[in-house]
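Please read the structure below before turning to the comments.
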Amino acid sequence: MTVEDTGPDTQFWSVTTTHEGVLAGGLNAGDVWLVSYANGEESWRRTITHGEEAYIVEHLAAGQTGTYAVAQTNQFATGNNHLLLLSLGGEGSVEWARVFDPNYEEYTEGPMELYGHGIVDAGGPVLVGTTSDRVWLAATEPDGTMRWAGYYPGSRESRTVRSLGIEASAERRSLYGSTGTHQEETPWLAWLDP
């Protein structure tokens, strides 16, 4: 189906199934954009502005504890890229929001770029991402309280380590990615107990 009445800078970047149907996310002129479908019909549409940053919804998860969206800073030049985690209520209302930024303090010496690569609901949202040289992981309770966040042990190596995503089943959570250069990549898998 075609989404009508959109602006010139409106795109979907992610989609997930929900209890009601399908939830799609992306950007609308730099704002978080979410559209929900049920029975092949649009049930609601929401645009969310968060501060002065421009965001793209790149990952969505709907599970037993809630519906979650991860938005990436929409910056095409070098900058302090960070992630915005949203917990969504009815019709896309924001129950809570949390920013993950490796350089939140202006003079912190840390990686400048944090990219998200996936989210699942595992008793609350569990995220995976990367900085320039490490795999990054974070998890919160369903109410947004932090459970843990940090870098995957041993992922800072002389070769580039990339996480490419996270998947969930009833029994386990699996991470996947690669190490090395694009000319000499080695795939890896990891199992996570969140």
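The values are calculated or read from the model by the stated rules, or taken from the named source; none is laboratory data. Note that the structure is a prediction, hence the values are computed from the model and not measured. Cβ atoms come from the backbone with ideal geometry, glycine included; neighbour counts cover every protein chain shown. Areas reflect the complete protein model, heavy atoms only, side chains present, ligands, DNA and RNA absent. Shrake-Rupley method; radii C 1.70, N 1.55, O 1.52, S 1.80 Å.
If DNA, RNA and ligands are ignored and the probe is 1.4 Å, what is the ranking of 33, 188 by accessible area, most exposed first? Could the numbers behind the result be given before it?
Working: 33 5, 188 55 Å².
The residues order as 188, 33, largest area first.
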Nearest-10 value in Å² for the accessible area of residue 174, using the 1.4 Å probe: 30
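Under 13 Å from the Cβ of residue 129, count the other residues' Cβ atoms, weight Lys and Arg +1, Asp and Glu -1, and hand me the total. Each step should come with its number before you reach the end.
Numbers: positive: 134, 162; negative: 58, 101, 113, 133.
Local net charge: -2.
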Given [x] 11.5; [y] 12.2; [z] 17.1 as candidate values of mean projected area of the Cα convex hull in nm², which corresponds to the one derived from the coordinates? [y]
Please calculate the 1.4 Å probe accessible area of residue 18, with all protein chains present, and give it to the nearest 10 Å². 30
Count charges around residue 176 for me, please; just the other residues with Cβ under 15 Å from its Cβ, Lys/Arg as +1, Asp/Glu as -1. +1
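Quick one: net charge around residue 41, please, counting Lys, Arg +1 and Asp, Glu -1 for every other residue with C-beta under 13 Å from its C-beta.
Spelling it out: positives minus negatives among the neighbours equals -2.
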What accessible surface, in Å², does a 1.4 Å probe find on residue 19, ignoring ligands, DNA and RNA and rounding to the nearest 10? 150
Can you work out ³J(HN,Hα) from phi for every residue in segment 122-127, in order, using Karplus 6.51 cos²θ - 1.76 cosθ + 1.60 and θ = phi - 60°, giving whole Hz and x for Gly and Pro? 10, x, x, x, 10, 10
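Residues of segment 10-192: accessible area per residue at 1.4 Å, in Å²?
Working: 9430 Å² over 183 residues.
Heavy-atom SASA per residue in segment 10-192 reads 52 Å².
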